[in-house]
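The values are calculated or read from the model by the stated rules, or taken from the named source; none is laboratory data. Treat the numbers as computed from the prediction; the structure is a model and nothing was measured. Quick reminder, even Gly has a Cβ in these numbers, built from the backbone with ideal geometry, and neighbours come from all protein chains shown.
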Amino acid sequence: MDEKEKKINKLLNSPSYKIAFTDNDFLKGEKLRGTRLLLEYNKAEMLLNEANIQNTIVIFGSARKPETDPVYQAAYETAYKISSTCSKSTLICSGGGPGVM
């Protein structure tokens with residue numbers, strides 16, 4: 001390999017030559033933390049829009065409450081009552097499993 005080819009290869013393998021969205025080291029860098037957060041927000045927003053979800057109601061509490069706990073029961077009943085009066089374009093979130101979010 002001659003000197004010219006070495007220089008071309010060095011350039012092609014340089015981080016500055018990579019397209020930004022294919023450069024994981026660049027994308028995962030601390031300076032792009034805000035950009036990654038914005039992407040996470042936009043992804044969720046786009047998926048909700050595609051599912052025709054126009055409103056979201058989130059009920060917060062404790063993720064460690066068992067189903068027998070009165071707080072869990074209250075969140076469950078509240079979510080049920082709200083969801084029965086809302087349109088199908090409203091998402092009710094009261095936790096992802098046992099417990100209350």
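Go through the residues of the stretch 53-66 one by one and say whether even a single one is in contact with a Leu (Cβ under 7 Å, 6 or more places away or on another chain), modelled with pLDDT of 85 or more and in a loop (DSSP other than H, G, I, E, B).
The answer is yes; a qualifying residue exists.
Just for the stretch 67-97: of the residues that are touching a strand residue (DSSP E or B) at 6+ places or on another chain (Cβ under 9 Å) and either part of a strand (DSSP E or B) or of a type in the set (D, E) (or both), which one is modelled with the highest pLDDT?
Filtering the stretch 67-97 for residues that are touching a strand residue (DSSP E or B) at 6+ places or on another chain (Cβ under 9 Å) and either part of a strand (DSSP E or B) or of a type in the set (D, E) (or both), the one modelled with the highest pLDDT comes out as T90.
Taking into account only those residues within the stretch 28-50 that are surrounded by 11 or more Cβ atoms within 10 Å (Cβ to Cβ) and hydrophobic (A, V, I, L, M, F, W, C), which is nearest to the chain's Cα centre (by Cα)?
Per the stated criteria, the residue is A44.
Take N55 and decide whether it is farther than 30 Å from S87 by Cα and polar (S, T, N, Q). Full working, then the answer.
Numbers: farther than 30 Å from S87 by Cα: no; polar (S, T, N, Q): yes.
In short, no.
Could you list, in sequence order, all residues of the stretch 51-61 that are farther than 16 Å from E77 by Cβ, surrounded by 10 or more Cβ atoms within 10 Å (Cβ to Cβ) and not β-branched (V, I, T)?
A51, Q54, N55 - these are the residues of the stretch 51-61 that are farther than 16 Å from E77 by Cβ, surrounded by 10 or more Cβ atoms within 10 Å (Cβ to Cβ) and not β-branched (V, I, T).
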